[in-house]
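Undergrad: Mind having a look at this structure? Questions to follow.
The values are calculated or read from the model by the stated rules, or taken from the named source; none is laboratory data. What you see is a predicted model; the values in this text were computed from it and never measured. No Cβ is skipped: glycine too gets one built from the backbone with ideal geometry, and neighbour counts run over all protein chains shown. Just the protein is used for accessible areas: all its heavy atoms, side chains included, with ligands, DNA and RNA removed. Shrake-Rupley method; radii C 1.70, N 1.55, O 1.52, S 1.80 Å.
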Amino acid sequence: MSKNKKKEKPYYKVNNKQQEEKSNNKDLTKNTTFMLGIGFLIMFYSRYINAAIYSRILAIFGLVLMLYGIYNSSKINKQKDGKFSLYIDYVMAFLVVAGIIYNIYILFKTM
C-alpha cells in the first residue's frame, strides 16, 4: 500500500471558491469583453435605423453598455492592483462618456 495516498477533506473544509467561480462565469454581464462587444455592435448598427431620434437613442444605449463593461473591468483591476490597466479603464471611460454627451447633444439639437 502506498503511504502517499491523499486523504479527503471533510465536507466543512472543502474549498467552495471553484464552485463560485463557475457560477460567475455563466453571468455574461460580468464578462467585460462581452459587454464591450455588444455595446460596440449596438452603437454601430444604430446607423441603420432611419429615424434620427431612435438612432441616437440606440447609440446612447450601446455606449452605456460599453460604460458598464468598463466599470466592471475597473472593479476587477482595483482588486488585482493593476494600476496601468486601471488608467486605461479610466481613459476608455472618459472617451465613452464623451461619446454619450456628444450623442445627447446631437439628440436634443435634432429635436
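Undergrad: Go through THR33, THR110 and list them by solvent-accessible area, largest first, probe radius 1.4 Å.
TA: From most accessible down to least: THR33, THR110.
Undergrad: Continuing with this model, one more query. Report relative contact order for the range 30-111 in percent, whole number only (criteria: Cα-Cα under 8 Å, sequence separation at least 6). List each step's numbers first, then the result.
TA: Numbers: 87 pairs, mean separation 27.7, N = 82.
Averaging sequence separation for qualifying contacts and normalising by length gives 34 percent for the range 30-111.
Undergrad: If the viscosity is 1.306 mPa s and the temperature 10 °C, what translational diffusion coefficient in µm²/s does Stokes-Einstein give for the range 62-111 when Rh comes from Kirkwood over Cα pairs? Mind showing how you got there, number by number?
TA: Working: Rh = 11.6 Å.
For the chosen part, D equals 136 µm²/s.
Undergrad: Give, in nm to one decimal, the length gained when the segment between LEU28 and ILE53 is fully stretched (0.36 nm per residue of separation minus the Cα-Cα distance).
TA: Working it through step by step, the gained length comes to 6.1 nm.
Undergrad: Taking 7 Å along the Cα-to-C-beta vector as the label spot, tell me the TYR102-GLN79 distance in nanometres, rounded to one decimal.
TA: That separation, rounded to one decimal, is 3.3 nm.
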